[in-house]
Amino acid sequence: MPDIVLYAAEVTLNGLMAGVLYALVALGFVLIFKASGIFNYAQGVLALFAALTLVGIQKGQVPFAHLLNAMTGKHYTNFPWEVPALVAILLAAGVMVVLAIIIEKLVLKHLVNQAPIILFMATIGMAYFLEGFGDVMWGSDIKTLDVGLPQGINETIDSVTYNMFGYGFFIDNLDIVAAVVAVLLVAALTVFSQYSKQGRALRAVADDHQAALSVGISLRFIWILVWSIAGFVALVAGIMWGSKSGVQFSLSLIALKALPVLMLGGFTSIPGAIVGGLIIGVGEKLFELLIGAPFLGGATENWFAYVLALVFLVFRPQGLFGEKIIERV
Amino acid sequence: MFYREAGDFKTSYREDSQTFPIKFDRLRYYVVLAIAFGVVPLLINDYWANAVAVPFLIYAIAAIGLNILVGYAGQVSLGTGGFMAVGAYAVYKLMTAFPEVSIFIHVLLAGGITAAVGVLFGLPSLRIKGFYLAVATLAAQFFLVWLFNKVPWFYNYSASGQINAPERTVFGVFVTGAQTSAMAKYMFCLVMLTIVALVARNLTRGTVGRKWMAIRDMDIAAEIIGVNPLTTKLSAFAVSSFFIGIAGALFFAVYLGAAEVGEAFGIQKSFLILFMVIIGGLGSIFGSFAGAAFLVLLPVFLKNVLVGTLGWPTDLAAHIELMIVGGLIVTFLIAEPHGLAQLWRVAKEKLRLWPFPH
């Protein structure tokens, strides 16, 4: 087989893995959009904040150390302990739940019935706030996140493909773990929303706020629930991305990458988020390999996803799996 | 009592349709113009020009441009940074290619080029609406920034990939380059802003503006009563991008002097200007000024307090600034979703009655 085909196949596989990670972030968006009609720009920053909190708890950092030091002139940095990974993850998940409650109480409660653009802007405001808050709380230096996930090249795939094609595929173990986790997460979410009482209530709210209220579903509880779930999804995404490339500011930018994924898949569809993520992950890697790097000077990954989504939407404005938009005067 | 609309009688149609039909508004407008053109230039120094006045004037132009698109025509755009970059690179290419032509014309031409690009990226708005459109305009943002980074022709093959504004004069006074005085920068931007604001104010009062608002309020209904969505939406994109292009050209040529596209015109700039429009008030020219002033002054104020007075390290201050800006935006949206312009309207209402509430 010619080299370029093998290489393209490897890139496609890696693109699929990257797509899974995009889909993880996009999932959080879809959950919140379906349940409350809010386009939550802060999802990426939630992931960053979750990862920062996880690292902070694990390493036993003193929260707000920098601020305290500036105010009192002392030098706090760390508590004399380290927390096991699993406990730290549970604690971080707890922090995300608390955060969801605070967001509902302080922000969302007061913005009921506002125009979608106002809610969108409010989430951008929250994103700014959380970004600053996370940095003040845990410091802004780049941190390494290690919760014991396997990393590095997968030897089995490498040797198997080498024996078959004479060319070893480079697939990161972490990406495989991420893919498995994503599948489990989607399965868990599906089971939760199909079979549990709260899950059904959640779907009812997503369907029709008024009708859900009239049968006695507490809208505010559902919002807290859905923001907690989105926070948890953000934590998972934060762990994956953080283990891959370190916990730093650029983590919050994956939210921007998740947007075209959403547009492609449709804002209201969970399968859409997954399929959209895979298409974009593979598409941008292949485009960069075949057209971007040889002819356009590279770095086309920055915009390819958006342009693809833009062109796609011109032909199908509601995305792949989105609900058909019906307008009446 | 202090704000009166009554007793202002007109005797001709001409008087009735002037830009500010109420006498008090007109008077206030002349006073503001007199202070801006007559008093401020005499007092201004380098610090005030660079930290406050010039960014305010330029952001006000950009905010007016974006407000036309978002506030009047209802098409949410997150591509402002990209369009400003088009204005900046257009003016750079024009300045270096035709050095003998006045910079004033170059800036207007840069606006025109940006308008053309804006129309191109506005085409999808005929099919896509709401958030889908907002995200689609991100394509413009990322694609344009990438384009200016990767194609050396745009930055004249300079080794650093930066663009540097050559020295240009208006009436023999330097307005770009290192020798420019604070006053010249201020006056050049002020003249541009005055023109833009006047044009915008009159466009939005006229047929074009009413068509935009009809499309904003309900596009299908507007179409049924005979508003052509194609020309209306695209004209909104064109006018908006024209102003944003002028703002980008001034931002690069007058304010920065040297620019690197990713840094100066990144996604953050798009959000900043959208914030100005929202905090100022959607669909209000005054709101664009108020929003720009608020978001230019706030960081300067916070920096002075946190670093200057409390003596905290700058990185910590920057993070706290992010928190405060974010918190203020949320608070603002909760307290007054219609922005500073609405506060001003309420204040006028109060002044009309005060001190006799009945």
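Coordinate-derived values only; no laboratory data. These numbers come from a predicted model, not from an experiment. Please note: Cβ atoms are built from the backbone with ideal geometry, for glycine as well, and neighbour counts cover all protein chains shown.
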Diffusion coefficient in µm²/s returned for segment B:29-87 by Stokes-Einstein, Kirkwood Rh over C-alpha pairs, 4 °C and 1.567 mPa s, is 96
Ordered by fewest other Cβ atoms within 10 Å, a rough proxy for footprinting exposure, B:107, B:170, A:45 read B:170, B:107, A:45
Nearest-0.05 FRET efficiency for residue A:162 and residue A:77 at R0 = 41 Å, using Cβ-Cβ distance, is 0.30
In cubic angstrom per residue, the convex hull of segment B:20-266 built on its Cα atoms measures 128
Computed from the beta carbon distance with a Förster radius of 60 Å, FRET efficiency for residue A:253 and residue B:3 to the nearest 0.05 stands at 0.80
For segment B:1-102 the chymotrypsin sites (Phe, Trp or Tyr not before Pro) that pass both the DSSP coil test and the at-most-15 other-Cβ-within-10 Å test are B:2, B:9
The computed P(r) of segment B:108-209 puts the percent of Cα pairs beyond 16 Å at 75
Note on chain A: helices (DSSP H) long enough, at least 30 Å by alpha carbon along their axis, and hydrophobic enough, mean Kyte-Doolittle at least 0.5, are A:3-36, A:85-106, A:116-138, A:173-195, A:219-245
Here the FRET efficiency for residue A:87 versus residue B:331, based on Cβ atoms and R0 = 41 Å and rounded to 0.05, is 0.70
Once the mean of 1/r over all distinct C-alpha pairs in chain A is inverted, the Kirkwood radius in Å reads 21.2
Partner lysines whose C-alpha sits under 25 Å from that of residue A:34, ignoring same-chain residues fewer than 8 away, are A:105, A:109, A:197, A:257, A:324, B:129
If exposed means GluC sites (Glu not before Pro) lying in a DSSP loop and surrounded by at most 13 other beta carbons within 10 Å, then the longest stretch of chain B lacking such sites spans residues B:101-358
The simple spin-label model distance between residue A:7 and residue B:45, using points 7 Å out along Cα→Cβ, in nm, is 6.1
Counting as exposed only trypsin sites (Lys or Arg not before Pro) in DSSP loop states with no more than 11 other Cβ atoms inside 10 Å, the longest exposed-site-free span of chain A is A:75-323
Over the protein assembly as shown, the sum of -39500 (n - 2.57) across DSSP H runs of at least four, divided by residue number and rounded to 500 deg cm²/dmol, gives at 222 nm -22000 deg cm²/dmol
Here the equivalent ellipsoid of segment A:197-325, derived from its Cα gyration tensor, has semi-axes (largest first, whole Å) of 34, 20, 9
Listed by chain and number, the residues whose amide H is under 5 Å from that of residue B:175, excluding neighbours fewer than 5 places away on the same chain and using placed H, are B:168, B:169, B:170
Taking Rh as the Kirkwood radius computed over alpha-carbon pairs of the protein assembly as shown and applying Stokes-Einstein at 37 °C with viscosity 0.692 mPa s, one gets a diffusion coefficient in µm² s⁻¹ of 121
